[in-house]
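K.L.:
What follows is a structure written as structure tokens; I'll ask about it next.
The values are calculated or read from the model by the stated rules, or taken from the named source; none is laboratory data. All figures in this text were calculated on a predicted structure; none of them were measured in a lab. Counting neighbours? That spans all protein chains shown, and the Cβs are built from the backbone with ideal geometry, glycine included.
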Amino acid sequence: MLPQLLPAVIMVLAALAAGGSLVGLSRPIAWWGLGLVSIALQLLLQRIPVSAAPWLGDFGHWVWAAAVASILLVLLRNWRLQTSRMHQIPWAVAALGVGLNLLVIVANGGYMPVSLTALEQTGQAVEIATRSSFRRDLPVDVTTHMPELADVYADPAWLPHPVVASIGDRLLGVGLAGWAFVSVYATRHKRPRPGSEGAVERSAIQFSSAAAESGLLAK
């Protein structure tokens, strides 16, 4: 999760340095309730042991896939509602990332394939092997469909809590970073161009003179 959020934090700082404001992050997000429920559901599924809900062993991965699909709907809805290309692109990139994840999940029976080698590099192999919650992933092997879209990319070791991610996860991170930058940067106060103040002043004087002359002629 950190590698997805870190670029967004960096982009927010960059937009602030360029004169933007955090007020931009308060822009309304369409269908935010659906997105919030989806995220909450995914977090809840990870914390419910299969022993407490045996049905998760058979259907938990499909419930998780449905939650991912809900996130995709939220991203696509907000992409459609944007009125400028600058605001559309981040939503489109994020939607593409989640869409690729959903594609490989559905292609592999509702599971996300994951590289065991990459898990060992991030130190997650033991953690995943001993977890009591439902399984939403399967090891990458010769039967895996679209392995290039699976979780096969290990985060750098210098990051806190590195994880294994997919191309879709990386695109989602780029989309979030783009949205954060555009939202904050769009609130900046535009500075007048050199000479524009003088031009405005001259225009005002000319307008006043014309108005005065019109008044005299009217008499």
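K.L.:
Working carefully through the options GLY168, GLY110, find the one that is of a type outside the set (A, V, I, L, M, F, W, C), assigned to a loop (DSSP other than H, G, I, E, B) and surrounded by 14 or more Cβ atoms within 10 Å (Cβ to Cβ).
P.N.:
That would be GLY110, the only listed residue that is of a type outside the set (A, V, I, L, M, F, W, C), assigned to a loop (DSSP other than H, G, I, E, B) and surrounded by 14 or more Cβ atoms within 10 Å (Cβ to Cβ).
K.L.:
Of the residues VAL106, VAL74, VAL93, VAL63, which is assigned by TED's automatic domain parsing to the domain that holds LEU43 and under 24 Å from THR130 (Cα atoms)?
P.N.:
VAL63
K.L.:
What's the number of the condition THR83 fails, among (1) under 12 Å from the mean Cα position of the chain (by Cα); (2) at pLDDT below 95?
P.N.:
Just one mismatch for THR83, condition (1).
K.L.:
While we're looking at this one, here's another question. When you look at GLY109, is it of a type outside the set (Lys, Arg) and in contact with a His (Cβ under 9 Å, 6 or more places away or on another chain), yes or no? Can you show your working first?
P.N.:
Working: of a type outside the set (Lys, Arg): yes; in contact with a His (Cβ under 9 Å, 6 or more places away or on another chain): yes.
Criteria met by GLY109.
K.L.:
Looking at region 21-50, which of its residues are touching a Leu at 6+ places or on another chain (Cβ under 9 Å), more than 20 Å from LEU102 (Cβ to Cβ) and surrounded by fewer than 16 Cβ atoms within 10 Å (Cβ to Cβ)?
P.N.:
Once the filter is applied, which keeps residues that are touching a Leu at 6+ places or on another chain (Cβ under 9 Å), more than 20 Å from LEU102 (Cβ to Cβ) and surrounded by fewer than 16 Cβ atoms within 10 Å (Cβ to Cβ), region 21-50 yields LEU22, ILE48, PRO49.
K.L.:
Which numbered condition trips up ALA53, out of (1) part of a helix (DSSP H, G or I); (2) aliphatic (A, V, I, L, M); (3) modelled with pLDDT under 95; (4) surrounded by fewer than 16 Cβ atoms within 10 Å (Cβ to Cβ)?
P.N.:
(1)
K.L.:
Further question on the same structure: Cβ-Cβ distance below 7 Å, separation of 6 or more or different chains: which pairs start in region 119-135 with a residue that is touching a residue at least 60 places away in the same chain (Cβ under 8 Å) and end on one that is exposed (fewer than 15 other Cβ atoms within 10 Å of the Cβ) and hydrophobic (A, V, I, L, M, F, W, C)?
P.N.:
Listed pairs, sorted by first residue: SER133/ILE48.
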